[in-house]
Amino acid sequence: MALINFSPPYQREFMRHTISVLVENKFGVLTRIAGLFSGRGYNIDTLNVGPTDDPATSRMTIVTRGDDATLEQIVKQLEKLTDILKVQDFREDEYIDRELVLVKVAVDSKTRAEVMQITDIFRSKIVDVQPKSLTIEITGNESKVEKFLRLMKTFGVIDLTRTGKVALPRK
């Protein structure tokens, strides 16, 4: 007997999910995938696309939100698209993920040393030094990056850019 969830959408549990999609490097693949999400009202939190070791393929890492039924539907729809070689849902499997962030932080003569010390503690790298700012590169999992950015907000974040998550299975 199947249970049917009659809860309004705002009461269902919407979790973040990471999906890896191996695609053929062909014209329009990204457009079709983005169209699948927008056409069905699914939101993409982050999207990262890059080549693999095979020049004929690319890997997309998509982070989205939804309940289990929504995620199952997304995976099924992705698998139906042409030029999709493999779809992996990482919500249950073990995987390794990283994100790269460049953040420009306001500094003065009093705060520069403290920002440099925090940068060192997080094993980040200062990539540009200006009289009133430092640009820092940090790479890590989402938790590490978020903790670092929270600390940097106390000094004043001038600008920020994030790559979005990239992920590979541990297996």
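The values are calculated or read from the model by the stated rules, or taken from the named source; none is laboratory data. Predicted model, so just to flag it, every value in this text is computed and none were measured. Cβ: placed from backbone, ideal geometry, glycine included. Neighbour counts: every protein chain shown. The protein model used for the area step is the full one, side chains on, heavy atoms only, and it has no ligands, DNA or RNA in it. Shrake-Rupley method; radii C 1.70, N 1.55, O 1.52, S 1.80 Å.
Rounded to the nearest 10 degrees, the angle from helix 112-121 to the longest Cα principal axis of the chain is 40 degrees. Length available on full extension from L160 to K132: 0.36 nm per residue minus the Cα-Cα distance, which gives 8.5 nm. In this structure the chain gives 63 Å² per residue of accessible area when probed at 1.4 Å with all protein chains present.
Think of each Lys and Arg Cβ as +1 and each Asp and Glu Cβ as -1; about the Cα centre, that makes the dipole of the chain roughly 380 debye. Cross-link partners for K171 among the aspartates and glutamates, with Cα-Cα distance under 14 Å and sequence neighbours closer than 8 places in the same chain left out: D89, E92, D93, E94, D97. Simple rule: put +1 on each Lys or Arg Cβ and -1 on each Asp or Glu Cβ in the chain, find the dipole, and look at G35, L22, V157; the Cα lying farthest toward the positive end is V157.
Rg and Dmax of the range 72-171, based on Cα coordinates, read 18.1, 57 Å. For the chain, the C-alpha radius of gyration sits at 1.26 times the compact-globule guess of 2.2 N^0.38 Å, with N the residue count. In debye to the nearest 20, how big a dipole does the range 92-171 give about its Cα centre with +1 on each Lys and Arg Cβ and -1 on each Asp and Glu Cβ? Computed about the Cα centre, the dipole is about 200 debye. Phi angles of the range 160-170 translate, via the Karplus equation with coefficients 6.51, -1.76, 1.60 and θ = phi - 60°, into HN-Hα couplings of 7, 9, 10, 7, x, 6, 10, 8, 9, x, 6 Hz per residue; Gly and Pro are given as x. Which of the listed residues, L134, A69, N48, is farthest toward the dipole's positive end in the range 34-166, when Lys, Arg count +1 and Asp, Glu count -1 at the beta-carbon? Farthest towards the positive end: L134.
The length gained on full extension between A69 and V49, counted as 0.36 nm times the residue separation minus their Cα-Cα distance, comes to 4.7 nm.
Based on Cα contacts under 8 Å between residues 6+ apart, the range 8-121 shows a relative contact order of 34 percent. Express the relative contact order of the range 73-171 as a whole percentage, based on alpha carbon pairs under 8 Å and six or more residues apart in sequence. Relative contact order of the range 73-171: 40 percent. For the chain, carbon and sulfur atoms together expose 53% of the accessible surface, with a 1.4 angstrom probe and every protein chain in place.
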